[in-house]
Amino acid sequence: MATDNQIEGIKLIGEWCKWYAAVDTAAIAAIGALVKFEKGRLSPYAQYPCVLAVLCFVGSIIFAAWTLSSLPEAVQDIKDDEKIWDRDAKMFGITVKMWLLCNWQLATFIAGIIAFAAMVIVIAFTKVA
C-alpha cells in the first residue's frame, strides 16, 4: 500500500494531467473558433501549424489519459521505497515508464503551444483572397 507521501505525489500527478487535458481541450476549441472565424479559408501557411497544433494537443490528451489510467494501480501496489516516476504506466498492452510518459505529455503540449502561436501569427499577417 502507498505511503502518505506517495499518495500525495500520485494526486499531484493526477491534477497535473487533468489541467493539461483541460487546457489542451480549450486550445483545440480555440483553434476551431479561429478556423470558423476565418470561414475555413486559412492560407496554406496557416493550415500546417493549425493541423500540427491540433495533433499535438490530441497527443497530449492521450498521454494524460494514459497517465491517469495508470494511477489507481500505483496506489494499490506501489512499494514503500518505490518512486512514482519509476513505475510502469500501461495502456492497451503498451508499457512506458511514468517519467517518460509525463515528459511526452509536456513535449506535445509545448509543441502544440508553439504551433498554435505560429498559426495565430500567420493568420494575423497574411490575407487570403
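Values in this text are rule-based calculations from the coordinates and carry no lab data. Here the structure is a predicted model, which means the values were calculated and not measured. All Cβ positions, glycine included, derive from the backbone under ideal geometry; neighbour counts span all protein chains shown.
So if we plug the beta-carbon distance of Y45 and M1 into 1/(1 + (r/R0)^6) with R0 = 41 Å, what FRET efficiency do we get, rounded to 0.05? Before the final figure, lay out each step's value.
Values: r = 55 Å, r/R0 = 1.34.
Using R0 = 41 Å, I get an efficiency of 0.15.
Quick one: Cα centre-to-centre distance for the range 69-129 and the range 17-47, in angstrom?
Answer, in whole Å: 19.
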